[in-house]
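I am attaching a structure below and will ask some questions about it afterwards.
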Amino acid sequence: MSLTSRIAVYPALELDGSWTEIRNLCAADDEVEEHPRYNIAPTQPVLIVLKEQGKKIRHFTTMRWGLIPSWAKDMSIGNRTLNARSETVTTTPAFRDSIFTKRCLIPADGFYEWRKMGSVKQPYCFEVGEGEVFAFAGLWDEWRSPYGEIIESCTILTTGPNSLVADLHDRMPVIVTPDKYDVWLDPDVNDFGRIRDILKPYDANLMRRYPVSRKLNNSKIDDAEAASPATLDTPTQGQLF
(Lines give C-alpha, C1' and ligand atoms only; values in the text may rest on other atoms or scores of the structure.)
Protein backbone atom coordinates (compact mmCIF):
# COMPACT_ATOMS: atom_id res chain seq x y z
CA MET A 1 0.00 0.00 0.00
CA SER A 2 1.48 3.33 -0.98
CA LEU A 3 1.50 6.11 1.53
CA THR A 4 0.36 9.31 -0.09
CA SER A 5 -2.00 7.92 -2.68
CA ARG A 6 -3.84 11.22 -3.21
CA ILE A 7 -2.75 14.83 -2.85
CA ALA A 8 -4.54 18.12 -3.17
CA VAL A 9 -3.62 21.40 -4.75
CA TYR A 10 -6.71 23.45 -4.25
CA PRO A 11 -6.13 27.03 -3.26
CA ALA A 12 -9.67 28.26 -3.83
CA LEU A 13 -9.54 30.94 -6.44
CA GLU A 14 -12.04 33.10 -4.60
CA LEU A 15 -9.61 33.49 -1.68
CA ASP A 16 -7.10 36.33 -1.92
CA GLY A 17 -3.62 35.42 -3.03
CA SER A 18 -4.07 31.66 -3.45
CA TRP A 19 -1.94 31.06 -6.53
CA THR A 20 0.18 34.07 -5.64
CA GLU A 21 0.94 32.22 -2.42
CA ILE A 22 2.28 29.26 -4.39
CA ARG A 23 4.45 31.52 -6.53
CA ASN A 24 5.77 33.44 -3.54
CA LEU A 25 6.37 30.33 -1.48
CA CYS A 26 8.42 28.72 -4.22
CA ALA A 27 10.00 31.96 -5.51
CA ALA A 28 9.24 30.99 -9.11
CA ASP A 29 7.91 33.38 -11.73
CA ASP A 30 6.59 31.00 -14.37
CA GLU A 31 2.98 31.18 -15.43
CA VAL A 32 0.88 28.64 -13.56
CA GLU A 33 -2.34 27.22 -14.93
CA GLU A 34 -4.78 28.35 -12.27
CA HIS A 35 -6.80 25.15 -12.18
CA PRO A 36 -7.58 23.86 -8.68
CA ARG A 37 -7.04 20.15 -8.09
CA TYR A 38 -8.80 18.45 -5.19
CA ASN A 39 -7.99 14.79 -5.74
CA ILE A 40 -4.73 14.17 -7.60
CA ALA A 41 -4.25 10.45 -8.13
CA PRO A 42 -1.20 8.36 -9.07
CA THR A 43 0.12 8.72 -12.64
CA GLN A 44 -1.64 12.08 -13.06
CA PRO A 45 0.37 15.27 -13.66
CA VAL A 46 1.44 17.30 -10.62
CA LEU A 47 2.95 20.75 -10.33
CA ILE A 48 6.58 20.76 -9.24
CA VAL A 49 9.31 23.32 -8.59
CA LEU A 50 12.92 22.65 -9.53
CA LYS A 51 16.21 24.38 -10.15
CA GLU A 52 18.40 23.23 -13.02
CA GLN A 53 22.11 22.69 -12.54
CA GLY A 54 24.13 25.85 -13.09
CA LYS A 55 21.04 28.08 -12.93
CA LYS A 56 19.85 30.24 -10.05
CA ILE A 57 16.21 30.57 -11.01
CA ARG A 58 13.54 28.16 -9.78
CA HIS A 59 10.78 27.28 -12.19
CA PHE A 60 7.49 25.44 -12.32
CA THR A 61 6.68 22.50 -14.53
CA THR A 62 4.33 19.52 -14.45
CA MET A 63 5.42 15.91 -14.21
CA ARG A 64 3.78 12.51 -14.04
CA TRP A 65 3.36 11.26 -10.47
CA GLY A 66 5.22 7.95 -10.25
CA LEU A 67 8.95 8.15 -11.00
CA ILE A 68 10.22 6.33 -14.08
CA PRO A 69 14.02 6.08 -13.78
CA SER A 70 16.04 6.86 -16.88
CA TRP A 71 17.21 3.23 -17.16
CA ALA A 72 13.73 1.66 -17.03
CA LYS A 73 12.67 -0.62 -19.89
CA ASP A 74 9.08 0.62 -19.78
CA MET A 75 6.76 2.90 -17.82
CA SER A 76 5.24 0.24 -15.58
CA ILE A 77 7.76 0.81 -12.79
CA GLY A 78 6.17 4.22 -12.27
CA ASN A 79 3.11 2.56 -10.75
CA ARG A 80 5.30 1.34 -7.88
CA THR A 81 7.38 4.48 -7.30
CA LEU A 82 4.78 6.99 -6.09
CA ASN A 83 6.76 7.29 -2.86
CA ALA A 84 10.43 6.91 -1.93
CA ARG A 85 11.45 5.83 1.57
CA SER A 86 13.91 8.34 3.01
CA GLU A 87 15.77 5.65 4.95
CA THR A 88 16.76 3.75 1.80
CA VAL A 89 16.68 6.47 -0.86
CA THR A 90 20.46 6.46 -1.40
CA THR A 91 20.52 2.74 -2.14
CA THR A 92 17.23 2.09 -3.94
CA PRO A 93 18.07 1.82 -7.68
CA ALA A 94 15.11 3.93 -8.83
CA PHE A 95 16.06 6.87 -6.58
CA ARG A 96 19.75 6.71 -5.70
CA ASP A 97 20.83 9.02 -8.53
CA SER A 98 17.96 11.52 -8.28
CA ILE A 99 18.46 12.12 -4.55
CA PHE A 100 21.77 13.79 -5.35
CA THR A 101 21.02 15.79 -8.50
CA LYS A 102 17.27 15.82 -9.23
CA ARG A 103 15.42 17.00 -6.15
CA CYS A 104 12.23 19.02 -6.43
CA LEU A 105 9.42 20.55 -4.39
CA ILE A 106 5.82 19.53 -4.93
CA PRO A 107 3.50 22.31 -3.69
CA ALA A 108 0.16 21.31 -2.18
CA ASP A 109 -2.21 22.37 0.51
CA GLY A 110 -3.38 18.96 1.61
CA PHE A 111 -2.87 15.21 1.45
CA TYR A 112 -5.20 12.34 2.29
CA GLU A 113 -5.05 9.16 4.29
CA TRP A 114 -7.81 6.64 5.00
CA ARG A 115 -9.26 4.90 8.04
CA LYS A 116 -11.09 1.60 7.64
CA MET A 117 -14.48 1.94 9.31
CA GLY A 118 -16.34 -1.33 9.01
CA SER A 119 -16.95 -1.90 5.33
CA VAL A 120 -16.06 1.63 4.25
CA LYS A 121 -12.88 3.67 3.97
CA GLN A 122 -13.09 7.14 5.48
CA PRO A 123 -10.68 9.72 3.97
CA TYR A 124 -9.03 12.38 6.11
CA CYS A 125 -7.37 15.54 4.86
CA PHE A 126 -4.10 16.64 6.46
CA GLU A 127 -3.08 20.29 6.25
CA VAL A 128 -0.34 22.59 7.51
CA GLY A 129 -1.48 25.43 9.75
CA GLU A 130 -4.90 26.71 8.74
CA GLY A 131 -4.63 25.27 5.24
CA GLU A 132 -1.54 27.12 4.01
CA VAL A 133 0.38 26.04 0.94
CA PHE A 134 3.37 23.82 1.75
CA ALA A 135 5.81 21.68 -0.24
CA PHE A 136 6.60 17.97 -0.28
CA ALA A 137 10.16 16.78 -0.80
CA GLY A 138 10.24 15.20 -4.23
CA LEU A 139 12.61 13.59 -6.69
CA TRP A 140 12.32 13.56 -10.46
CA ASP A 141 13.84 11.87 -13.49
CA GLU A 142 13.60 11.86 -17.26
CA TRP A 143 12.84 8.74 -19.29
CA ARG A 144 12.94 8.25 -23.04
CA SER A 145 10.52 5.73 -24.54
CA PRO A 146 11.56 3.34 -27.33
CA TYR A 147 9.76 5.75 -29.68
CA GLY A 148 11.74 8.76 -28.53
CA GLU A 149 9.07 10.34 -26.32
CA ILE A 150 10.50 12.13 -23.27
CA ILE A 151 8.53 11.65 -20.05
CA GLU A 152 9.41 13.55 -16.88
CA SER A 153 8.11 12.00 -13.67
CA CYS A 154 8.42 12.43 -9.93
CA THR A 155 8.01 10.78 -6.55
CA ILE A 156 7.29 12.00 -3.01
CA LEU A 157 9.70 11.14 -0.21
CA THR A 158 8.29 9.59 2.96
CA THR A 159 9.41 9.26 6.55
CA GLY A 160 8.01 7.94 9.82
CA PRO A 161 4.68 9.39 10.96
CA ASN A 162 4.17 12.18 13.45
CA SER A 163 1.55 11.82 16.19
CA LEU A 164 -1.21 13.28 14.00
CA VAL A 165 -0.73 10.68 11.26
CA ALA A 166 0.38 7.64 13.25
CA ASP A 167 -3.05 6.15 13.96
CA LEU A 168 -3.87 6.12 10.24
CA HIS A 169 -0.54 5.16 8.68
CA ASP A 170 3.00 4.16 9.61
CA ARG A 171 4.49 6.63 7.10
CA MET A 172 3.93 10.26 6.13
CA PRO A 173 5.21 12.46 3.31
CA VAL A 174 8.27 14.61 3.95
CA ILE A 175 7.22 18.27 4.18
CA VAL A 176 10.07 20.70 3.60
CA THR A 177 10.19 23.84 5.73
CA PRO A 178 10.70 27.05 3.71
CA ASP A 179 14.12 27.72 5.22
CA LYS A 180 15.34 24.48 3.62
CA TYR A 181 14.00 25.10 0.11
CA ASP A 182 17.28 26.49 -1.21
CA VAL A 183 19.49 23.61 -0.10
CA TRP A 184 16.91 21.00 -1.13
CA LEU A 185 16.56 22.38 -4.65
CA ASP A 186 20.26 23.06 -5.22
CA PRO A 187 21.55 20.38 -7.63
CA ASP A 188 25.10 21.30 -6.67
CA VAL A 189 24.47 20.04 -3.14
CA ASN A 190 25.34 16.36 -3.48
CA ASP A 191 26.41 15.65 0.09
CA PHE A 192 23.59 13.61 1.63
CA GLY A 193 24.64 14.80 5.07
CA ARG A 194 23.47 18.32 4.18
CA ILE A 195 19.94 17.22 3.37
CA ARG A 196 19.48 14.30 5.77
CA ASP A 197 17.89 16.46 8.47
CA ILE A 198 15.17 17.57 6.04
CA LEU A 199 13.86 14.02 5.81
CA LYS A 200 12.07 13.93 9.16
CA PRO A 201 8.43 14.04 10.28
CA TYR A 202 6.83 17.46 10.22
CA ASP A 203 5.82 18.93 13.59
CA ALA A 204 2.33 17.59 14.39
CA ASN A 205 1.57 20.73 16.39
CA LEU A 206 1.76 22.73 13.16
CA MET A 207 -0.74 20.52 11.33
CA ARG A 208 -4.42 19.66 11.45
CA ARG A 209 -6.66 16.95 10.03
CA TYR A 210 -10.36 16.47 9.42
CA PRO A 211 -12.61 13.90 7.71
CA VAL A 212 -13.78 14.68 4.18
CA SER A 213 -16.50 13.34 1.93
CA ARG A 214 -16.26 9.66 0.95
CA LYS A 215 -16.79 10.82 -2.62
CA LEU A 216 -13.03 11.33 -2.53
CA ASN A 217 -12.63 7.54 -2.62
CA ASN A 218 -13.44 7.75 -6.31
CA SER A 219 -10.29 9.08 -8.00
CA LYS A 220 -12.39 10.30 -10.92
CA ILE A 221 -14.14 12.84 -8.70
CA ASP A 222 -12.01 15.96 -8.47
CA ASP A 223 -14.11 18.81 -7.14
CA ALA A 224 -14.51 21.02 -4.08
CA GLU A 225 -17.46 19.05 -2.73
CA ALA A 226 -15.42 15.85 -2.52
CA ALA A 227 -12.72 17.63 -0.54
CA SER A 228 -15.08 19.43 1.81
CA PRO A 229 -15.09 18.63 5.55
CA ALA A 230 -17.53 15.90 6.55
CA THR A 231 -19.37 15.09 9.76
CA LEU A 232 -18.95 11.45 10.68
CA ASP A 233 -22.00 9.47 11.70
CA THR A 234 -21.93 8.61 15.39
CA PRO A 235 -23.91 5.53 16.44
CA THR A 236 -26.74 6.26 18.84
CA GLN A 237 -27.03 4.31 22.10
CA GLY A 238 -29.74 2.17 20.59
CA GLN A 239 -27.49 1.19 17.72
CA LEU A 240 -24.77 -0.03 20.06
CA PHE A 241 -26.76 -3.04 21.28
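The values are calculated or read from the model by the stated rules, or taken from the named source; none is laboratory data. Model, not experiment: these values are computed from the prediction. For neighbour counting, all protein chains shown are included, and Cβ atoms are generated from backbone atoms with ideal geometry for every residue, glycine included.
Inspect all residues belonging to region 187-208 and state whether any of them is modelled with pLDDT under 95, touching a strand residue (DSSP E or B) at 6+ places or on another chain (Cβ under 8 Å) and of a type in the set (Lys, Arg).
Checked against the condition, which is being modelled with pLDDT under 95, touching a strand residue (DSSP E or B) at 6+ places or on another chain (Cβ under 8 Å) and of a type in the set (Lys, Arg), region 187-208 yields no hits at all.
Would you check which residues across region 54-92 are in contact with an Asp or Glu (Cβ under 9 Å, 6 or more places away or on another chain) and polar (S, T, N, Q) and list them?
Within region 54-92, Thr61, Thr62, Ser70 meet the criteria.
Anything in region 160-177 that is crowded, with 19+ Cβ neighbours inside 10 Å and either without any contact (Cβ under 8 Å) to a residue 12 or more places away in the chain or assigned to a strand (DSSP E or B) (or both)? List them, or say none.
Met172, Pro173, Ile175
Just to be sure before I move on: is Cys154 of a type outside the set (Gly, Ala, Ser), under 21 Å from Thr91 (Cα atoms) and part of a strand (DSSP E or B) in the structure I sent? Before the answer, list the steps.
Values: of a type outside the set (Gly, Ala, Ser): yes; under 21 Å from Thr91 (Cα atoms): yes; part of a strand (DSSP E or B): yes.
Yes; evaluated as a whole, the condition is true for this residue.
Is region 90-97 home to any residue that is buried (at least 19 other Cβ atoms within 10 Å of the Cβ) and among the β-branched types (Val, Ile, Thr)? Reasoning before the result, please.
Going residue by residue through region 90-97, those that are buried (at least 19 other Cβ atoms within 10 Å of the Cβ) are 94-95.
Those left that are additionally among the β-branched types (Val, Ile, Thr): none.
Looking through region 90-97, none of the residues is buried (at least 19 other Cβ atoms within 10 Å of the Cβ) and among the β-branched types (Val, Ile, Thr).
A further question follows. Yes or no: region 138-159 includes at least one residue that is buried (at least 21 other Cβ atoms within 10 Å of the Cβ), hydroxyl-bearing (Ser, Thr, Tyr) and closer than 14 Å to Ser70 by Cβ.
Yes - at least one qualifying residue is present in region 138-159.
Which of the strands (runs of 3 or more DSSP E) contained wholly in region 1-109 include at least 1 residues that are within 16 Å of Ala135 (Cα to Cα), among the polar types (S, T, N, Q) and modelled with pLDDT of 90 or more?
Details: elements: 7-9, 37-40, 45-51, 58-65, 83-85, 103-108.
Filter on region 1-109 gives 58-65, 83-85.
Would you please list the contacts, defined by Cβ atoms under 6 Å and residues six or more apart or on different chains, that run from a residue in region 178-200 that is on the phi < 0 side of the Ramachandran plot and part of a loop (DSSP other than H, G, I, E, B) to a residue that is modelled with pLDDT of 95 or more and among the aromatic types (Phe, Trp, Tyr)?
As it stands, the answer is Asn190/Phe100, since those pairs meet every condition given.
I'm trying to understand the selection: among the residues of region 110-154, which are of a type in the set (A, V, I, L, M) and modelled with pLDDT under 90?
In the first step, residues of region 110-154 are kept if they are of a type in the set (A, V, I, L, M); the result is 117, 120, 128, 133, 135, 137, 139, 150-151.
Matches in region 110-154: Met117, Val120, Val133.
Now a separate question. Restricting to region 201-212, and then to whatever is free of Cβ contacts under 8 Å to residues at least 60 places away in the same chain and assigned to a helix (DSSP H, G or I), can you tell me which residue is farthest from the chain's Cα centre (by Cα)? Show your work before the answer.
Quick first cut of region 201-212, residues free of Cβ contacts under 8 Å to residues at least 60 places away in the same chain only: 201, 203-205.
Then drop every residue that is not assigned to a helix (DSSP H, G or I), which leaves 204-205.
On the way: Ala204: 17, Asn205: 20 Å.
The qualifying residue farthest from the chain's Cα centre (by Cα) is Asn205.
Going through region 141-169 one residue at a time, which ones are over 21 Å from Pro201 (Cα atoms) and of a type in the set (A, V, I, L, M, F, W, C)?
As a first pass, look at region 141-169 and keep what is over 21 Å from Pro201 (Cα atoms): 141-153.
Trp143, Ile150, Ile151 - these are the residues of region 141-169 that are over 21 Å from Pro201 (Cα atoms) and of a type in the set (A, V, I, L, M, F, W, C).
Of the residues Asp191, Asp186, Asp233, which is more than 30 Å from Lys55 (Cβ to Cβ) and either surrounded by fewer than 19 Cβ atoms within 10 Å (Cβ to Cβ) or more than 18 Å from the chain's Cα centre (by Cα) (or both)? Walk me through it before giving the result.
Details: Asp191 fails: more than 30 Å from Lys55 (Cβ to Cβ); Asp186 fails: more than 30 Å from Lys55 (Cβ to Cβ).
One residue alone meets the criteria, Asp233.
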